[in-house]
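The values are calculated or read from the model by the stated rules, or taken from the named source; none is laboratory data. Just so it is clear, the structure is predicted and the values come from calculations on it, not from any experiment. Because the Cβ atoms are built from the backbone with ideal geometry, glycine has one as well, and the counts that use them run over all protein chains shown.
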Ligand code: IPE
Ligand code: IPE
Ligand code: MG
């Protein structure tokens with residue numbers, strides 16, 4: 001008899017927004033003596049199942065780190081392969097999902113102008129298919145937290161013409177439509193943020209798992225959620241016992 005699928009954990013309004021640093025594709029491939037591109041392909045294949053689980057669990061905003069402003073420094077063949085893979089994924093999987101699933105939409109975080117033209121046009125097409133729905137998946141693509149803060153500060157300053165407030169800056173972040181992540185999950189075991197949601201993650205709970213992204217599944221989601229609920233969020237204050 002097949003194993004019963006792990007049940008999804010119950011959550012409440014404390015956990016509404018999750019960020020994921022999808023790391024470890026290269027190591028997953030290396031362990032199997034495969035090229036890094038095989039790891040990226042395997043990584044792309046698990047995304048839809050994870051999104052479905054998070055939505056079924058009751059999450060409304062998920063931000064996936066797909067390509068950083070620093071990832072351009074990788075060998076050209078890997079970067080070109082990733083751009084092609086992301087295009088294909090948006091064209092074949094995401095566009096279909098938006099049509100078939102009335103509660104799902106995708107937004108892109110990052111400077112689209114540096115992306116290959118075909119990919120840039122696809123991103124815009126995907127955003128226009130469904131600008132705002134109940135379940136928002138933000139795909140961070142050519143995204144860097146430092147770049148985001150600098151461009152938001154410049155835009156806010158141009159708008160205000162003088163000193164800017166936190167609200168002025170936040171209006172110009174790529175994430176202005178989504179709440180800050182309550183939880184940031186990083187796969188692949190590295191204990192660092194790697195320029196992901198630097199502003200928005202100021203008080204996010206961090207969960208790092210050694211699981212490599214292509215192996216990430218329900219059991220990992222359960223562990224991350226349990227870890228989140230074991231934390232006491234204090235925001236610099238004191239909780240009276
Ligand atoms: C994450 O996996 C995917 C991207 C950064 C595009 P990596 O390619 O960084 O995998 P590792 O960290 O080398 O294993
Ligand atoms: C972070 O992973 C970026 C993405 C997952 C897209 P990296 O593999 O680029 O991060 P570092 O180099 O280990 O910090
Ligand atoms: Mg990596």
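Listed conditions (1) at pLDDT 95 or above; (2) closer than 20 Å to residue 59 by Cα are all met by residue 212, apart from (2).
Would you mention how many residues in region 61-79 are away from ligand 1 (no atom under 11 Å from the Cβ) and under 13 Å from the mean Cα position of the chain (by Cα)? Qualifying residue count, region 61-79: 3. On the basis of being under 20 Å from residue 47 (Cα atoms) and either buried (at least 16 other Cβ atoms within 10 Å of the Cβ) or within 16 Å of ligand 1 (Cβ to nearest atom) (or both), does residue 173 make the cut? It is false that residue 173 is under 20 Å from residue 47 (Cα atoms) and either buried (at least 16 other Cβ atoms within 10 Å of the Cβ) or within 16 Å of ligand 1 (Cβ to nearest atom) (or both).
Evaluate the following for residue 89: is it buried (at least 19 other Cβ atoms within 10 Å of the Cβ), more than 16 Å from ligand 3 (Cβ to nearest atom) and under 26 Å from residue 148 (Cα atoms)? Answer is yes for this residue. Taking the criterion of being within 16 Å of the chain's Cα centre (by Cα) and outside any helix (DSSP H, G or I), the residues of region 204-238 that qualify are 204, 205, 206, 207, 208, 209, 212, 216, 217. Condition check: within 16 Å of ligand 2 (Cβ to nearest atom), touching a helix residue (DSSP H, G or I) at 6+ places or on another chain (Cβ under 6 Å), modelled with pLDDT of 95 or more and part of a loop (DSSP other than H, G, I, E, B). Does residue 198 satisfy that? Yes.
With the condition kept exactly as written, say whether any residue in region 24-46 is surrounded by fewer than 21 Cβ atoms within 10 Å (Cβ to Cβ), without any contact (Cβ under 8 Å) to a residue 60 or more places away in the chain and within 17 Å of residue 205 (Cβ to Cβ). For region 24-46, residues surrounded by fewer than 21 Cβ atoms within 10 Å (Cβ to Cβ), without any contact (Cβ under 8 Å) to a residue 60 or more places away in the chain and within 17 Å of residue 205 (Cβ to Cβ): absent. Among the residues of region 17-50, those identified as farther than 15 Å from residue 186 by Cα and not in a helix (DSSP H, G or I) are 32, 33, 34, 35. Under the condition of being farther than 20 Å from residue 42 by Cβ and surrounded by 15 or more Cβ atoms within 10 Å (Cβ to Cβ), the residues counted in region 199-223 number 10.
Scanning region 48-81 for residues that are within 16 Å of ligand 3 (Cβ to nearest atom) and crowded, with 17+ Cβ neighbours inside 10 Å, we see that the one that is farthest from residue 123 (Cα to Cα) is 71. The sole residue among 43, 24, 19, 58 that is within 16 Å of ligand 2 (Cβ to nearest atom), at positive phi and under 17 Å from the mean Cα position of the chain (by Cα) is 24.
Could you please find all residues in region 88-111 being within 16 Å of ligand 2 (Cβ to nearest atom) and more than 16 Å from residue 130 (Cβ to Cβ)? If the condition is that a residue be within 16 Å of ligand 2 (Cβ to nearest atom) and more than 16 Å from residue 130 (Cβ to Cβ), then 89, 109, 110, 111 are the ones that fit.
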